[in-house]
Amino acid sequence: MGLIYEKVARRALFKMDSESAHEVGVRALALLGRLSPLCRLLESCNQLPASQYRPVEAFGLSFPNAIGLAAGFDKNACAWEAAAALGFGHVEIGTITALAQPGNPKPRMFRYPAEEAVINRMGFNNEGSEAVAARLAKQPGPGKRRIPLGVNLGKSKVAPLDGAVADYLASFARLADYADYLVLNVSSPNTPGLRTLQDEKPLRELLGSIMAANRERAAKRGGVLLPVLLKIAPDLTWPQIDAALGVIAEFGLAGIIATNTTLARPGFFAEVGETGGLSGRPLREKSTEIVRYISRTTGGKLPIIGVGGITDTTGAAEKLDAGATLVQVYTGMIYRGPFFARDLAWGVSDRQRR
């Protein structure tokens, strides 16, 4: 299947601009998601046999395998129901903001095939938390899904930084009931000022407020907290990561996602003039280094979802060996095809079993 994708489908998609190709992919998966019998057939072929492989247990959830689809692909909860059919063990939608917004001016996504990389400056283009909540209300809810669904939240561009907490809380109130886990994205480089929310003082205010709302919600639902994770940038210093880990421990978050895209321009990209976050193979080593650092610093007690530069089984296994509990891919799927998750899940599981 990978060869067919590379010889036929990828060539056709790569003749389009990056964002148009992305939209074609989302529409195709949305259509597949509505064909339940076909989804179940594909799932039986692409998921690991439960009789041979143990699921991954993390933050109170069970994942059929360690490979997830990262936020950024399905921004508006249109296509996630097809993810299990492709072999994914979980899927994360978003990033979703309290208010609908168009994102940054186009063009805003650029492929670099020789480097297996992408630069994007999308700017959280999405339909807003109210519209996404309405869509999720018509889809399978927690406990009725094939695989866990994460909901990734960001700040609306028009919300001032001193109004960021209220903005995130509005999205939390609308979307928490539909999430198996929730992610606070404070690390995209494409919303002005957003990354300052990773600083210790504003991060403490944000996480404290969200977890207070989480506890209030749990009190009405038998005391079970919704797992909340923080997604951090790969450009943080070690002291900044230490501070973030301290705040995560203080407020009892369920885990961390490491990492988002980078503003760094290593190697070939030093001469590339496009602004935005760089993802794909150039991010692999840095994101793995951060996963390893977090795992060692926390004694392996904080669940980590490792993201960044996974283009093959070795890259996925590298992050799991460094201390990640789960991994996510997106850019790698652009270059390796829709069944990339299946290949990774089987490859990683066979390697671990050996």
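The values are calculated or read from the model by the stated rules, or taken from the named source; none is laboratory data. Note that the structure is predicted; figures quoted are calculated from it, not measured. Note that each Cβ is placed from the backbone with ideal geometry, even for glycine, and that neighbours are counted across all protein chains shown.
Summary of values
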read-out	value
Unmet criterion (only one of (1) buried (at least 16 other Cβ atoms within 10 Å of the Cβ); (2) more than 30 Å from residue 16 (Cα to Cα); (3) in contact (Cβ under 8 Å) with a residue 40 or more places away in the chain) for residue 242	(1)
Residue in region 205-227 that is hydrophobic (A, V, I, L, M, F, W, C), in a loop (DSSP other than H, G, I, E, B), under 22 Å from the mean Cα position of the chain (by Cα) and modelled with pLDDT of 95 or more present	yes
Any hit, region 13-32, residues being in a strand (DSSP E or B), of a type in the set (Val, Ile, Thr) and touching a helix residue (DSSP H, G or I) at 6+ places or on another chain (Cβ under 9 Å)	no
Residue check, residue 135 farther than 25 Å from residue 187 by Cα and in contact with a Cys (Cβ under 8 Å, 6 or more places away or on another chain)	yes
Residue list for region 141-191, restricted to those being in contact with a Ser or Thr (Cβ under 7 Å, 6 or more places away or on another chain) and in a strand (DSSP E or B)	152, 153, 185
Qualifying residues in region 86-138 (those that are hydrophobic (A, V, I, L, M, F, W, C) and assigned to a loop (DSSP other than H, G, I, E, B)) - the one farthest from residue 281 (Cα to Cα)	137
Flag for residue 334 being out of contact with any Asp or Glu (no Cβ under 9 Å at 6 or more places or on another chain) and buried (at least 24 other Cβ atoms within 10 Å of the Cβ)	no
Members of region 214-234 found to be crowded, with 19+ Cβ neighbours inside 10 Å and either of a type outside the set (Gly, Ala, Ser) or on the phi > 0 side of the Ramachandran plot (or both), listed by number	214, 226, 227, 228, 229, 230, 231, 232, 234
Total residues in region 307-354, condition modelled with pLDDT under 95 and either under 14 Å from the mean Cα position of the chain (by Cα) or under 19 Å from residue 150 (Cβ atoms) (or both)	0
Any strands (runs of 3 or more DSSP E) falling wholly within region 258-331 and containing at least 1 residues that are in contact with a Pro (Cβ under 7 Å, 6 or more places away or on another chain) and surrounded by 16 or more Cβ atoms within 10 Å (Cβ to Cβ)	277-280
Selection status of residue 313, of a type in the set (S, T, N, Q) and more than 19 Å from residue 330 (Cα to Cα)	no
Any chance residue 244 is within 21 Å of residue 332 (Cα to Cα) and either touching a strand residue (DSSP E or B) at 6+ places or on another chain (Cβ under 9 Å) or not in a helix (DSSP H, G or I) (or both)	no
Breaking point among (1) more than 17 Å from the chain's Cα centre (by Cα); (2) more than 21 Å from residue 344 (Cβ to Cβ); (3) not β-branched (Val, Ile, Thr), for residue 44	(2)
Breaking point among (1) at negative phi; (2) out of contact with any Lys or Arg (no Cβ under 6 Å at 6 or more places or on another chain), for residue 133	(2)
Selection count where residues are closer than 17 Å to residue 159 by Cα, loosely packed, with under 15 Cβ neighbours inside 10 Å and in contact with a helix residue (DSSP H, G or I) (Cβ under 6 Å, 6 or more places away or on another chain), scope region 173-204	1
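So that you can scan it fast, the table gives a plain yes or no per residue for (1) of a type in the set (D, E, K, R); (2) modelled with pLDDT of 95 or more; (3) crowded, with 18+ Cβ neighbours inside 10 Å; (4) more than 19 Å from residue 27 (Cβ to Cβ):
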{"site": "105", "(1), (2), (3), (4)": "no, yes, no, yes"}
{"site": "126", "(1), (2), (3), (4)": "no, yes, yes, no"}
{"site": "138", "(1), (2), (3), (4)": "yes, yes, no, no"}
{"site": "152", "(1), (2), (3), (4)": "no, yes, yes, yes"}
